[in-house]
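Here's the structure we're looking at; comments come further down.
Just so it is clear, none of the values below were taken in a lab; they were calculated from the coordinates. Predicted, not measured: the structure shown is a model, and the values here were computed from it. Cβ sites come from the backbone with ideal geometry, for glycine too, and all protein chains shown count toward neighbours.
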Amino acid sequence: MNSERRRHPRLPMEVEVELHVPGEPMRVAHTQDLSGSGVLLLLAREECPAPGTQVQIRVVGSIGEGEEPPLVPARIVRHVGEGVAVEFEGI
C-alpha cells in the first residue's frame, strides 16, 4: 500500500509488547512501526495469528505508579514478511 492511501502516517517505533490471542499463551513481540490506526509486530512466521483474529496488545512495562498499560483491542489484518500488520479497534 503506498503512503498516499494511508489514513495515518507511520512512525518508526521499537517497543516490546504483549500479544494476547484468545485461547493461546501470551507472547512477547516487538513493534517496527506505529500509526494512529495500527502497528506492525515482528513475529516468527509460526507465531503469527491468522488474518481476522481478534487480539489484544499491551506495551510491556508500567506507567505512573506501577500501573500496567491498558490492553488495546485489535485485529490481525495481514501477514507481512517479518510479522503481522495489526489494526487497532475502537480507537
(request) Starting from residues that are among the β-branched types (V, I, T) and loosely packed, with under 15 Cβ neighbours inside 10 Å, keep the ones in the stretch 9-51 and report whichever is nearest to G83 (Cα to Cα). (result) V28
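Restricted to the stretch 58-76, and to residues that are among the β-branched types (V, I, T) and within 15 Å of A29 (Cβ to Cβ), which residue is surrounded by the fewest Cβ atoms within 10 Å (Cβ to Cβ)? So that I can check it myself, show each step before the final result.
Our first condition is that a residue be among the β-branched types (V, I, T); within the stretch 58-76, this holds for 59-60, 63, 72, 76.
Now narrow it down to the ones that are within 15 Å of A29 (Cβ to Cβ): 59-60, 72, 76.
Working: V59: 15, V60: 13, V72: 18, I76: 20.
Step by step, filter the stretch 58-76, then rank; the result is V60.
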